[in-house]
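Asks: Before I ask anything, here is the structure I am working with.
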Amino acid sequence: MKNNTSKKLFNVALASAMVAGSVVAIAPTATEAANVSFKDLDSSNSHYTTIMQLVERGIVKGYEDNTFKPGQAVNRAHAALILANILDLDTENVTDPKFKDVPKTHPYYGSIAALANAGIIKGFEDGTFGTTKTLSRGQMAVIIKNSFELEAGNATTPFKDILNHDYKEQITALYANGVTVGTTPTTYGAASKVTRGQFATFVVRAEEAREKNAVEAFVEIKDGQIVTTKGTYAIEGDLAKVFNAANAAALKGAKIDFKFAEQTAALASLERVAATPTSKRILGIASLTLVAGNATFDAGGYSIPEVTISGNNVKVNNVKADKLTIADKLTVSLTGVEAKEVAVSATTKLTLDATSSIGKLVLPEGKDVKEVISNYEQVKDQIKELVTKDANGNEKPFEPTPETPNPGVPGLPPSTDTINAESAKTDATSLVNALYNGFGQTYTNIAVITPGTPTVKKADGTVATNGSNTSVDFKDPIVINDDSKSQVDTKLATIKNSISRDVLKENVLSKVAATMLSLTEANINNIDSVYVGNVKLNSANITKDNYYTELSSSLTTNVVADTLSEITGLTHAIAGDLSVADYFAGSFAKSATLKVTFDDSSSLEYAITIQP
């Protein structure tokens, strides 16, 4: 059985088409491979070295007539087998991807299913995988990029035939990482077939590029030492401020670039964990990327030149950084943080405490600082410089959006007219919470819903008041690793089938009905529509008189299914065989927005996140 932990290597990606080849025999043993030679392959072949490397590793073998056929086109099934082997995927404990032409009796079913489960490949629109179809160089670029997580960065290529190609990004990533050089100095030949020899070379080069680019990742603190994906190190001096039991959850999976006594930095392979301690001494941390969510990281005043936050709902305390970067769609709070520069995205929600200081805050062009920092008015004196950055990386001083004065009355202060969303915020939130309560009562044994507060938006879409997330927490203590998967493997279909839609509808309507009695009629009558993502829950404007009819007619089986699909990103077909653990391990959607719109086009937006 192969190691399940290999699945951690893959971010969900897509591949429009995989490869496949002729007949492939079972990989040889190491002893057999050491004595293998092929009558149609010698050192004069440009792919000889890479082919023999894969043969010696037991990844591939030739045909019964003692040939390898390096010039023969590779097919999708053959390529699936090679990739699953070289990536060391678990090909036994797989979920059936339901390809029409890949029954469980297919000799490469495990390899194809493992790659599909990892998000590396997918089939065609007709529901087939296309096991016998050949692989084009363009398609190869997609699956190789996804398999080995190669990035193009800011690279360009000399290939004139891919300027408008669908796979330009993937081809550029291969070129930037030295995987391909093209069919000529100026052409790539995306439609050309990939031969068995070429595929061996592409795979080996991609593997080498991944090793070169891989970063060291934190695993755990054990016996007073730091265990990473590269080795085990002693915790000396001030390192204990960072690497301690209190920070273990926040550091889980964190990417670290250490400064060592023997060299300036160390990068490691994500999938290989050293079994024995290394003699290297850590002098410091050059960079740290936090990927875990719902955690608190306290550096105790330790200096880390570059810090990146990629986990949601993270609290960062007492760190000194030259640059702190916050990834997209994250809510982060900073306490006691000293940063020379903080870079945020258009969807960042940031909170500073009174002891934090920022030398320069970099905002995306067109973004108002008050939309990013919820308490900006209270902490603006702690930010020395505000700049905006455009798509080309050019910075300029931030210019606040001027207040719009009362029309036709020059010199008067900005209008203070209230908007419907603000006026109805309390009543509408009570109504939304009643919806939450109805769902919560129905799913009481499965999850706990903790209501948040809405973001109030004006008619033009600008934010008047920031809100906080509503969280849906699964009760099972799901931890995404091999052990937990065996402990918590409830099928989503089992959860779905355990709930009666009629009971769900009754619970929601009863909670809403009880709440409506205490709400202000004018506020409720100003509601235009209620959406979950793109799913509208009413057909006519909601009033105190018609709310029951509207919700009753809206909560059909299809609407409920569409709503759940909007929140989770799962279709009925995908959810059928997916477990709870697989859902949280995958890159399926785990958030949505419940939006209440009003007659004046203002709105209340309630952010919902699902978490283990």
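Asks: Of LYS396/LYS458; LYS39/LYS230; LYS122/LYS389, which pairs sit farther than 30 Å apart, going by alpha carbon to alpha carbon?
Replies: Check vs 30 Å cut-off fails for LYS39/LYS230; LYS122/LYS389.
Asks: Could you list which residues have their amide H under 5 Å from that of THR470, counting only those 5 or more apart in sequence or on another chain, with H placed in the peptide plane?
Replies: The answer is GLY452, ALA607, ILE608, THR609.
Asks: Which listed residue (ALA191, GLN170, GLY127) has the Cα farthest towards the positive end of the charge dipole for the range 47-212, taking +1 on Lys and Arg C-beta and -1 on Asp and Glu C-beta about the Cα centre?
Replies: Going by the Cα projections, it comes out as ALA191.
Asks: Here's something else I'd like to know. For the range 115-127, take each phi angle, set θ = phi - 60°, evaluate the Karplus expression 6.51 cos²θ - 1.76 cosθ + 1.60, and give the result in whole Hz per residue in order, putting x for glycine and proline.
Replies: Once rounded to whole Hz, the list reads 5, 5, 4, 7, x, 8, 10, 8, x, 9, 4, 7, x.
Asks: Something else: With a sphere of radius 13 Å drawn around the Cβ of GLY130, what net charge do the other residues whose Cβ falls strictly inside it have (Lys, Arg +1; Asp, Glu -1)?
Replies: Summing Lys and Arg as +1 and Asp and Glu as -1 gives +1.
Asks: For the cross-link pairs LYS370/LYS536; LYS61/LYS100; LYS259/LYS280, which exceed 20 Å when the distance is taken from alpha carbon to alpha carbon?
Replies: The pairs that break the limit, which is 20 Å between Cα atoms, are LYS370/LYS536; LYS61/LYS100.
Asks: Need the full-extension length gain, ALA191 to ALA464, defined as separation in residues times 0.36 nm minus the C-alpha distance. One decimal, nm.
Replies: Result for the pair: 93.1 nm of gain on full extension.
Asks: Between beta-carbons, use under 14 Å as the cut-off and find the net charge around LEU604, counting Lys and Arg +1, Asp and Glu -1.
Replies: Taking every Cβ under 14 Å from that of LEU604, the sum is -2.
Asks: Right, here's the next one. Enumerate the calculated ³J(HN,Hα) couplings along the range 36-51 in order (Karplus 6.51 cos²θ - 1.76 cosθ + 1.60, θ = phi - 60°), each rounded to whole Hz, writing x wherever the residue is Gly or Pro.
Replies: Listing the rounded values in order: 7, 8, 10, 6, 10, 9, 9, 5, 6, 6, 5, 9, 4, 5, 6, 4 Hz.
Asks: Which trypsin sites (Lys or Arg not before Pro) does the range 80-138 hold that lie in a coil by DSSP with at most 15 other beta carbons within 10 Å?
Replies: LYS98, LYS100, LYS104
Asks: Next question. Could you order peptides 156-169, 358-371 by the average number of other Cβ atoms within 10 Å of their residues, highest first?
Replies: Answer by packing, highest mean first, reads 358-371, 156-169.
Asks: Here's another thing I want to ask about it. List every residue whose amide H lies under 5 Å from the amide H of THR325, counting only residues 5 or more places away in sequence or on a different chain, with H placed 1.01 Å from N in the peptide plane.
Replies: Correct list: VAL307, THR308, ILE309, ALA343.
Asks: Rounded to the nearest percent, how much of the accessible area of the range 47-212 (1.4 Å probe, protein heavy atoms only) is carbon and sulfur?
Replies: Carbon-and-sulfur percentage of accessible area, whole number: 48.
Asks: While we're looking at this one, here's another question. Give me the number: length gained by fully extending ALA354 to GLN382, i.e. 0.36 nm times residue separation minus the C-alpha to C-alpha distance, one decimal in nm.
Replies: The span from ALA354 to GLN382 would gain 9.3 nm if fully extended.
Asks: Quote the charge dipole size of the range 47-212 about the Cα centre in Debye, to the nearest 20; the model charges only the Cβ of Lys and Arg (+1) and of Asp and Glu (-1).
Replies: That gives a dipole near 380 debye.
Asks: Moving to a separate point now. Using a 1.4 angstrom probe on the protein heavy atoms only, could you order THR201, THR183, THR426 from most to least accessible area?
Replies: THR426, THR183, THR201
Asks: Suppose the chain between GLU56 and ASP328 were pulled fully straight at 0.36 nm per residue; how much longer would it get relative to their current alpha carbon spacing?
Replies: Difference between extended and current length: 93.5 nm.
Asks: Roughly how many Å is it from the Cα centre of the range 36-101 to that of the range 329-390, as a whole number?
Replies: Each part's Cα centre sits 51 Å from the other's.
Asks: Something else: Around LYS360, with a cut-off of 13 angstrom between Cβ atoms, what is the net charge of the other residues, counting Lys and Arg +1 and Asp and Glu -1?
Replies: Spelling it out: positives minus negatives among the neighbours equals 0.
Asks: Using the heavy atoms of the protein chains alone and a 1.4 angstrom probe, what is the accessible area of the range 47-212 per residue in square angstrom?
Replies: Accessible surface, normalised per residue, equals 42 Å².
Asks: Let me ask you something else. Arrange the residues VAL219, VAL372 by how much accessible surface each exposes, largest first, with a 1.4 angstrom probe.
Replies: Result, largest first: VAL219, VAL372.
Asks: Taking θ = phi - 60°, what integer Hz values does the Karplus form 6.51 cos²θ - 1.76 cosθ + 1.60 yield along the range 61-75, in sequence order, with x for Gly and Pro?
Replies: Working through the residues one at a time gives 8, x, 9, 5, 8, 6, 10, 10, 6, x, x, 7, 4, 8, 9 Hz.
Asks: Shifting gears a bit: Please list the non-local residues whose amide H lies under 5 Å from the amide H of ARG281, H modeled 1.01 Å from N, same-chain partners needing a gap of 5 or more.
Replies: HN-HN under 5 Å from ARG281: ALA261, GLU262.
The values are calculated or read from the model by the stated rules, or taken from the named source; none is laboratory data. All of these numbers come straight from a predicted model, not from anything done at the bench. All Cβ positions, even for glycine, are placed from backbone atoms using ideal geometry, and neighbour counts span all protein chains on display. Note: areas computed on protein heavy atoms with side chains; ligands, DNA, RNA excluded. Shrake-Rupley method; radii C 1.70, N 1.55, O 1.52, S 1.80 Å.
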